[in-house]
Amino acid sequence: MNYLKISFGIFIVLAASRFIPHPPNFTSLIALSFYIPLLFGIRFLPILILSFAITDYFIGFHNQIFFTWGSIVLIGLFSKFFDRGIIKRVTGSLGACCIFFIITNFGVWSEGSYGYTFEGIFLCYTLAIPFFTYNLISTFIFSFIFELIIKSKIIKSIKFKEI
């Protein structure tokens, strides 16, 4: 039962941050992709992908979907290495932004819109910097929220990774 409640909560948080008007790439996606497997275990990673797929259905699928979803899986898998201390967790979540940036923009470049040259890949990554900035800011804010939840008295009653 807790699995379903947490899964529904993940979907609500992700959907709310994606459907409510926001600046480009200013969502809880990276923070959720990092913190959920870290706190509750890797078995919640499919719920993240499913939640992302459902919201993508309404927002619209795109050509780089496998790069986006793949980066989410990768972030979830490596998050377990950052489970000791607030500084490591926040650093890991911001590192997750870099992974997302590198993988998804490689997907954009591989589409061929910028040309298959060094200049093309450089241009692709350079033009994505404003989106990366919003991604960093939102991940930092949502990571701060997750850290507050972790430190709260209510969340301490949940035994993470044992649900």
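The values are calculated or read from the model by the stated rules, or taken from the named source; none is laboratory data. Just so we're clear, the structure is a prediction, and the values are computed from it rather than from any experiment. Positions of Cβ are generated from backbone atoms using ideal geometry, with glycine treated the same way; all protein chains shown enter the neighbour counts.
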### Query
Which of the residues belonging to segment 48-65 are surrounded by fewer than 20 Cβ atoms within 10 Å (Cβ to Cβ), in a helix (DSSP H, G or I) and either touching a residue at least 60 places away in the same chain (Cβ under 8 Å) or among the aromatic types (Phe, Trp, Tyr) (or both)?
57, 58
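Can you tell which of 126, 68 is more than 21 Å from residue 43 (Cα to Cα), out of contact with any Asp or Glu (no Cβ under 7 Å at 6 or more places or on another chain) and part of a helix (DSSP H, G or I)?
126
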### Task
Name every residue in segment 88-98 that is hydrophobic (A, V, I, L, M, F, W, C) and either outside any helix (DSSP H, G or I) or surrounded by 19 or more Cβ atoms within 10 Å (Cβ to Cβ) (or both), in order of residue number.
90, 96, 97
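Counting only residues that are part of a loop (DSSP other than H, G, I, E, B) and either farther than 22 Å from residue 89 by Cα or among the small types (Gly, Ala, Ser) (or both), how many does segment 4-34 have?
The first filter runs over segment 4-34 and keeps only residues part of a loop (DSSP other than H, G, I, E, B), leaving 20-28.
Restricting the remaining residues to those that are either farther than 22 Å from residue 89 by Cα or among the small types (Gly, Ala, Ser) (or both) gives 20-24, 28.
So the answer is 6.
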### Task
For residues that are of a type in the set (Asp, Glu) and modelled with pLDDT of 95 or more, tally how many sit in segment 106-134.
1
### Task
Evaluate the following for residue 82: is it touching a Gly at 6+ places or on another chain (Cβ under 9 Å) and at pLDDT below 95?
yes
### Query
Has segment 104-120 got any residue that is in a helix (DSSP H, G or I), under 13 Å from the mean Cα position of the chain (by Cα), in contact (Cβ under 8 Å) with a residue 24 or more places away in the chain and closer than 24 Å to residue 21 by Cα?
yes
### Query
Give me the pairs: first residue in segment 10-36 and under 19 Å from residue 53 (Cβ atoms), second residue among the small types (Gly, Ala, Ser) and surrounded by fewer than 20 Cβ atoms within 10 Å (Cβ to Cβ), beta-carbon distance under 7 Å, and six or more apart or on different chains, which are they?
27/17; 28/17
